[in-house]
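Below is one structure, written out as structure tokens; comments come after it.
Here, each number is a calculation from the coordinates, and none is a lab measurement. If you're wondering where the values come from, they're calculated on a predicted model, not measured in any experiment. Here Cβ is always computed from backbone atoms with ideal geometry, including for glycine, and neighbour counts include all displayed protein chains.
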Number of protein chains: 6
Amino acid sequence: MKISGRNKLQGTVKAIEVDGLIAKVNVDVGGQTLTSVITRDAVEDLALRQGDQIQALIKATSVMIMK
Amino acid sequence: MKISGRNKLQGTVKAIEVDGLIAKVNVDVGGQTLTSVITRDAVEDLALRQGDQIQALIKATSVMIMK
Amino acid sequence: MKISGRNKLQGTVKAIEVDGLIAKVNVDVGGQTLTSVITRDAVEDLALRQGDQIQALIKATSVMIMK
Amino acid sequence: MKISGRNKLQGTVKAIEVDGLIAKVNVDVGGQTLTSVITRDAVEDLALRQGDQIQALIKATSVMIMK
Amino acid sequence: MKISGRNKLQGTVKAIEVDGLIAKVNVDVGGQTLTSVITRDAVEDLALRQGDQIQALIKATSVMIMK
Amino acid sequence: MKISGRNKLQGTVKAIEVDGLIAKVNVDVGGQTLTSVITRDAVEDLALRQGDQIQALIKATSVMIMK
């Protein structure tokens, strides 16, 4: 299956914090940290664990540039 | 100045394509490619050029996880 | 592969319009029309065609409610 | 009043879960489930209840395609 | 009709530029300029014109803070 | 440093509410209220306080128009 979302960054889950309906997931992407806020349901559905090899999916229209 | 947006990934601009009101910017982030869709105005305002060292800014709520 | 994005609506591609860097895709979801704006690159990468059975992927934080 | 957001999917509220500042709303859209994450304030402002006929509003740039 | 999206800023359309599938709309909000990128279809559906009194609708999760 | 995000609205922080991983920030923008949902981490990183002069940063593709 292919996804129109252009950005699939390979990374490793460093930390997961869950509170109420929401979870914060920190991902190591080539030495840089990426933070994702997803639902608790998603964390459970993916059985997401520290150390997991994952892809961070980001739609191109959600990416800004700073210079 | 600090920004609430949690993700600022260091990268290098690999390619810029402008068409009409919109531009597509490809960024190398530690060997992985990140694509950003921004306005032509933004490309001109930042004087964005191939080879520029930039930061990709992404709000944490815009990041999904695939596993 | 599982995705944290909570919404995967089954649908059929009704029409694709491409212009410059961008494409507009109309999808029939159980008799209702869903419009997606993605990149031309994504349309080509998925070899997207009218009549294709697809899933529309939408992050839960992108869905508003009107009543 | 008209809204530029292209997607207004008719649905029925199946469940509402509120925790802290945030709420998760499950909507039945023609037999498929759509999940929305909105603020608690919005749930109260709309007096949102299970069984309500609503429209899910989604900007076209927030919709991805999987095939 | 009420909308869960928390932000409805009153403003006046200052300029509309349409190109291909996309339009850029500049709105005056109390002396500050807000730029919106929407579809050409939306501009036509709303019969949007320079000088129109409108509301800019923004989901709270799309707003970042800089300090 | 310049940012591709087109909208930087000057405002004053009126209220901050933090719960779990998330915070809700109300900002006065020329007499209108703008609500932002960001992470608790961001509030702490910016040392955000009631009365702060800030800029609300919003990507143009996240702004809808109602008329």
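In this structure the amide hydrogen of E:G5, modeled in the peptide plane, comes within under 5 Å of the amide hydrogens of C:I65, none closer than 5 places in sequence on its chain. Here the Karplus relation 6.51 cos²θ - 1.76 cosθ + 1.60, evaluated at θ = phi - 60°, turns the backbone of the range E:29-36 into coupling constants of 10, x, x, 9, 9, 10, 10, 10 Hz, with x for every Gly and Pro. Residues with beta-carbon under 11 Å from that of F:G11, excluding F:G11: net charge, scoring Lys, Arg +1 and Asp, Glu -1? Net charge around F:G11: +1. Measuring from label point to label point, each 7 Å out along Cα→Cβ, what is the F:E44 to E:Q50 span in nm? A separation of 5.0 nm, rounded to one decimal place. Pairs from the list C:K67/D:K14; F:K8/F:K67; A:K67/B:K14; A:K67/B:K2; A:K8/B:K59; C:K59/D:K2 with a Cα-Cα gap above 18 Å: F:K8/F:K67; C:K59/D:K2.
Would the range B:7-58 count as rounded, prolate or oblate if I go by the C-alpha gyration tensor, calling it rounded below 1.5 in a/c and otherwise prolate when a/b exceeds b/c, oblate otherwise? Cα axes put the range B:7-58 in the prolate bin.
Where only DSSP H runs of four or more residues are counted, the protein assembly as shown gives -2000 deg cm²/dmol as its mean residue ellipticity at 222 nm, each run worth -39500 (n - 2.57). Counting from the shortest, the label point at E:M1, 7 Å from Cα toward Cβ, is 1.0, 3.1, 3.6, 3.6, 4.0 nm from the same position in each remaining copy. Peptide F:38-45 has a mean of 6 when you count, residue by residue, the C-beta atoms of other protein chains within 10 Å of its C-beta. Phi angles across the range E:55-63 convert, under the Karplus curve 6.51 cos²θ - 1.76 cosθ + 1.60 with θ = phi - 60°, into 3J(HN,Hα) values of 10, 8, 9, 9, 5, 4, 6, 9, 9 Hz, Gly and Pro given as x. Cα centroid separation, the range E:4-66 to chain F: 18 Å.
With the label put 7 angstrom out from Cα along the Cα-to-Cβ vector, A:R40 ends up 1.4, 1.4, 4.6, 4.7, 4.8 nm from the copy partners, going from closest to farthest.
Using the Karplus relation 6.51 cos²θ - 1.76 cosθ + 1.60 with θ = phi - 60°, the per-residue 3J(HN,Hα) values for the range B:15-25 come to 7, 10, 10, 10, 8, x, 8, 10, 9, 10, 10 Hz, with x marking Gly and Pro.
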